[in-house]
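For reference, the structure is listed below as structure tokens.
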Amino acid sequence: MEKLDASYWDNRYINKEDRWDLGEVSPPIKTYIDQLKDKSLRILIPGGGNSYEAEYLFNQGFTNVYVIDLSKTALNNIKKRVPEFPDDHLIQTNFFDLNMPFDLILEQTFFCALDPSLRSKYVTKMSELLVDKGKLVGLLFDQPLNDDKPPFGGNKVLYLSYFKDVFHIKTMELCYNSISHRQGNELFFSVIKK
């Protein structure tokens, strides 16, 4: 497997090898965002890539939205689309090195981009980054995908085995409002830090 470092991800975005990028906010996440009332929530989008979710949140008046990614190209893409987005809220570093508290973390293709050997570490780090009773919400692929490069897949039973000891599982169900080519292949999940 290739080393999934900053250079790898930059090249993926430069060469437009980001097939999972929808070019817009994901409908299930948009639906979730639309029911949020507190615009001051500290929200993280890890491995956010082009992060149309961050753009949508910002345009809806959320003031504490952060995107972390290894790829400078992806973060620059956000800044080009949303010049007013605060520079210090676009963080180029390794997710596992981040040390800030968040009320909500939105998962959109980050979990599937990580080497599967890091999945337990991901769950632990998410718990560390969330405040008490903070939420991790988003989408996970519900299908076998690649073994040697992102995106990596999985299924509900596998995901529950990672999350159940660290989080209260509020929802982890087949997504009803996925975009057409992902219909039946995504789980919407919402978990709360124990």
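The values are calculated or read from the model by the stated rules, or taken from the named source; none is laboratory data. Since the structure is predicted, the reported quantities are computational estimates derived from the model, not experimental observations. We place every Cβ from the backbone using ideal geometry, glycine too, and count neighbours over all the protein chains shown.
Let me confirm something: among LYS149, LYS156, LYS79, LYS164, which residue is of a type outside the set (S, T, N, Q) and within 26 Å of GLN60 (Cα to Cα)? Testing whether each residue is of a type outside the set (S, T, N, Q) and within 26 Å of GLN60 (Cα to Cα) leaves just LYS79. With respect to the conditions (1) surrounded by 13 or more Cβ atoms within 10 Å (Cβ to Cβ); (2) not in a helix (DSSP H, G or I), ASN77 lacks only one, and its number is (2).
Taking the residues in the stretch 60-77 that are in contact (Cβ under 8 Å) with a residue 40 or more places away in the chain and under 22 Å from GLU128 (Cβ atoms) as candidates, determine which candidate is farthest from the chain's Cα centre (by Cα). Ranking the candidates gives LEU70 first. State the number of residues belonging to the stretch 35-54 that are part of a loop (DSSP other than H, G, I, E, B) and crowded, with 19+ Cβ neighbours inside 10 Å. Adding up the residues that qualify gives 5. Of the strands (runs of 3 or more DSSP E) contained entirely in the stretch 91-194, those carrying at least 3 residues that are crowded, with 18+ Cβ neighbours inside 10 Å, at pLDDT 95 or above and within 16 Å of the chain's Cα centre (by Cα) fall at 102-108, 130-141, 186-193.
Residues of the stretch 156-180 that are of a type in the set (S, T, N, Q) and touching a residue at least 24 places away in the same chain (Cβ under 8 Å): ASN177, SER178. Looking at LEU57, is it surrounded by 18 or more Cβ atoms within 10 Å (Cβ to Cβ), under 24 Å from SER40 (Cβ atoms), of a type outside the set (Gly, Ala, Ser) and under 14 Å from the mean Cα position of the chain (by Cα)? Answer is yes for this residue.
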